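Undergrad: Sending over a structure as structure tokens; questions will come in a sec.
The values are calculated or read from the model by the stated rules, or taken from the named source; none is laboratory data. These numbers were taken from a predicted model, which means no experiment stands behind them. Methodologically, a virtual Cβ is constructed for each residue, glycine included, from the backbone with ideal geometry; neighbour enumeration extends over all protein chains shown.
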Amino acid sequence: MAERERVQLERGFVLHHRAYLNTSQLLECLTEHHGVIGLVAQGSRRRSSGKRAVLQPFFPLRLSWTRRTDLGRLIGVEAAGPAFELTGNNLFAGFYVNELLLRLMGRGDPNEEVYSCYSRCMAALATASATARSVRLFELRLLRALGYGIELEHDVETGQPIRCDGQYRFQPEHGFSLCSGSADSPESYGGRELISLREERLDDTRSLRAAKRLLTQSLNVYLGERPLRSRSILEDVFARELN
């Protein structure tokens with residue numbers, strides 16, 4: 001980045017923060033028009049700092065910064081609304097969503113659709129008790145926003161629409177094809193559950209479990225071998241929620 005970039009009052013969220021030097025922080029932020037960016041918040045850990053209270057996850061912000069390299073300097077921050085109050089299972093889900101974004105998005109890759117997906121997910125987690133459904137829909141929308149969307153309309157071999165009464169085998173980065181597997185086979189998916197995911201209903205336990213299996217399989221292609229630290233905790237949460 002040859003010229004100094006200066007951005008004023010960009011909407012964004014802190015996804016992760018950690019201590020830096022004696023009184024500062026290193027931030028990873030999701031922004032509306034600039035994607036994920038790294039920022040140094042100088043002096044933000046001082047007790048007297050006005051930045052300290054708002055530079056937290058799940059808080060909608062207006063961020064201002066300057067940068068010439070990959071890492072910028074925060075020059076201003078203000079609240080863009082009240083923080084999303086996530087508690088219990090929804091708080092675990094929020095940390096999972098943040099970690100997932102950081103693993104799938106590189107710095108400086110603008111994607112307004114991802115920002116919209118994230119904002120919708122935070123609003124859902126702050127108001128809904130159905131944690132699993134909110135996270136599954138976020139994963140589905142995120143894959144689509146990143147260009148990795150799952151084909152849920154048609155059998156990729158025949159071009160025929162997915163049927164409610166069909167059983168389908170899934171090949172990541174390819175799609176679904178009709179198979180002879182039973183409804184209880186771990187390698188096949190029922191057409192009824194696929195349609196429920198496509199229509200973003202997920203209003204029963206069977207559909208939620210199928211969506212979890214499918215989306216985990218899809219995401220693993222892009223996440224690689226290093227597991228998400230928050231995923232194992234969240235899986236325990238969802239197991240209790242679906243029982």
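Undergrad: Can you pull out every residue in region 165-193 that is in contact (Cβ under 8 Å) with a residue 24 or more places away in the chain and out of contact with any strand residue (DSSP E or B) (no Cβ under 8 Å at 6 or more places or on another chain)? Step through it out loud before you land on a result.
TA: Filtering region 165-193 for residues in contact (Cβ under 8 Å) with a residue 24 or more places away in the chain gives 165-168, 170, 172-173, 175-176, 186, 189-192.
Within region 165-193, 165, 172, 173, 186, 192 qualify.
Undergrad: For residue 148, are the conditions met, namely being among the hydroxyl-bearing types (Ser, Thr, Tyr) and touching a Leu at 6+ places or on another chain (Cβ under 8 Å)?
TA: Working: among the hydroxyl-bearing types (Ser, Thr, Tyr): yes; touching a Leu at 6+ places or on another chain (Cβ under 8 Å): no.
For residue 148, the condition - among the hydroxyl-bearing types (Ser, Thr, Tyr) and touching a Leu at 6+ places or on another chain (Cβ under 8 Å) - is not met.
Undergrad: Please specify each residue of region 90-143 satisfying the condition of being of a type in the set (Gly, Ala, Ser) and more than 23 Å from residue 38 (Cα to Cα).
TA: If we filter region 90-143 for residues that are of a type in the set (Gly, Ala, Ser), which is where we start, we get 93-94, 106, 108, 116, 119, 123-124, 126, 128-130, 132, 134.
Selection gives 123, 124, 126, 128, 129, 130, 132, 134.
Undergrad: Also: Return the residues of region 6-60 that are touching a helix residue (DSSP H, G or I) at 6+ places or on another chain (Cβ under 6 Å) and on the phi > 0 side of the Ramachandran plot; say none if nothing qualifies.
TA: Of everything in region 6-60, just one residue is touching a helix residue (DSSP H, G or I) at 6+ places or on another chain (Cβ under 6 Å) and on the phi > 0 side of the Ramachandran plot, namely 58.
Undergrad: Sticking with this structure for a sec: I'd like to know if region 36-46 contains one or more residues that are closer than 29 Å to residue 127 by Cα, at pLDDT 95 or above, in contact with a Leu (Cβ under 7 Å, 6 or more places away or on another chain) and not assigned by TED's automatic domain parsing to the domain that holds residue 116.
TA: yes
Undergrad: I would also like to ask the following. Looking at region 67-104, which of its residues are in contact with a Gly (Cβ under 6 Å, 6 or more places away or on another chain) and farther than 17 Å from residue 128 by Cβ? It would help to see each step written out before you state the result.
TA: Step one: filter region 67-104 for residues in contact with a Gly (Cβ under 6 Å, 6 or more places away or on another chain), giving 71, 86.
Of everything in region 67-104, just one residue is in contact with a Gly (Cβ under 6 Å, 6 or more places away or on another chain) and farther than 17 Å from residue 128 by Cβ, namely 71.
Undergrad: For residue 149, work out the one condition from (1) at pLDDT 95 or above; (2) touching a strand residue (DSSP E or B) at 6+ places or on another chain (Cβ under 8 Å); (3) assigned to a loop (DSSP other than H, G, I, E, B) it doesn't fulfil.
TA: It fails just one condition, (2).
Undergrad: Something else: Look at residue 100 and say whether it is under 22 Å from the mean Cα position of the chain (by Cα), crowded, with 18+ Cβ neighbours inside 10 Å and assigned by TED's automatic domain parsing to the domain that holds residue 231. Outline the logic, then answer.
TA: Working: under 22 Å from the mean Cα position of the chain (by Cα): yes; crowded, with 18+ Cβ neighbours inside 10 Å: yes; assigned by TED's automatic domain parsing to the domain that holds residue 231: yes.
For residue 100, the condition - under 22 Å from the mean Cα position of the chain (by Cα), crowded, with 18+ Cβ neighbours inside 10 Å and assigned by TED's automatic domain parsing to the domain that holds residue 231 - is met.
Undergrad: Taking the condition of being over 22 Å from residue 84 (Cα atoms) and loosely packed, with under 14 Cβ neighbours inside 10 Å, how many residues in region 8-52 meet it?
TA: So the answer is 7.
Undergrad: Output the qualifying pairs, or none if there are none: Cβ atoms under 6 angstrom, residues six or more apart or on different chains, first residue in region 12-23 and within 24 Å of residue 34 (Cβ to Cβ), second residue acidic (Asp, Glu).
TA: Filtered contacts from region 12-23: 15/28; 16/28.
Undergrad: Among the strands (runs of 3 or more DSSP E) contained in region 7-96, which hold 2 or more residues that are of a type outside the set (A, V, I, L, M, F, W, C) and in contact with a His (Cβ under 6 Å, 6 or more places away or on another chain)? Show your work before the answer.
TA: Working: elements: 24-31, 35-41, 61-67, 71-79.
The qualifying strands (runs of 3 or more DSSP E) are 24-31.
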